[in-house]
Amino acid sequence: MTRTGAIRMWLTVILTAMLMGGIAVTAADDVIIEGDGIAGISVGISTEEDVITRFGKPPKTESHKTYSTELIYPKLGMSFYYCQADPRKEIFVIELKKPFNGATTKGIRIGESTWSDVLREYRNVENDDPKADDIDNEPTNDPEDGNDIELEGIGFRFKNTVRNMPDGSRSAAYVVSEIDIIERDGLRQCDSKFGTRTNDQ
């Protein structure tokens, strides 16, 4: 084997090891399970430590005043939130944005699925989610109207987007821009669950 061939072989071995040992999210990890989680992280069960064990130290963290802390993984399109007053640092929201490329169990995807798709897939859910009535009216461009929906265990945010259609035409639609995995009984309110945290706590 030539020296160049040996170098190529070792580079291949090293790159393969890096990819296998990295934090790559597999196809199975891309399934968003409503009211549960994704990639082995479950809302209401998993903690900050579990997230760091699974994905490594977050490249960025953000404190939302004294309310919650966000662990941000920009390259994965994932953020994980815990209440600052929670001694366990339990994850209560998993926020997904692009470049995340997975889908919900009903096939809803960020940047592809529309308001109509969500309406079709979630309006007549088998468990008759009472919150499904919230999705009767299409969102507007008025920020006060809110461009989001919260259902049992999942929330969607929409953005008015012009899309190129297969026939070459362009069409405007409200497209999913964010998916939030929350607990089945609704979005956790940190203050009511743990009390108000002060800066000196």
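No lab work stands behind these numbers, since they all come straight from the coordinates. All figures in this text were calculated on a predicted structure; none of them were measured in a lab. Heads up, the Cβs are rebuilt from the backbone with ideal geometry, glycines too, and the neighbour counts pull from every protein chain shown.
Things to note:
- Remark: segment 70-77, residue by residue, has Karplus-estimated 3J(HN,Hα) of 10, 9, 10, 10, x, 5, 9, x Hz, where x stands for each Gly or Pro and the curve is 6.51 cos²θ - 1.76 cosθ + 1.60 at θ = phi - 60°.
- For the peptides 61-70, 34-43, 180-189, the ranking by mean Cβ contacts within 10 Å, running from highest to lowest, is 34-43, 180-189, 61-70.
- R0 of 45 Å, Cβ-Cβ distance S192-A172: FRET efficiency to nearest 0.05: 0.70
- Distances between placed amide hydrogens fall under 5 Å for Q84 paired with S68, T69, all partners being 5 or more residues away or on another chain.
- Residue pairs, from the table K75/K97; K57/K97; K65/K98, whose Cα atoms sit over 22 Å apart: K65/K98
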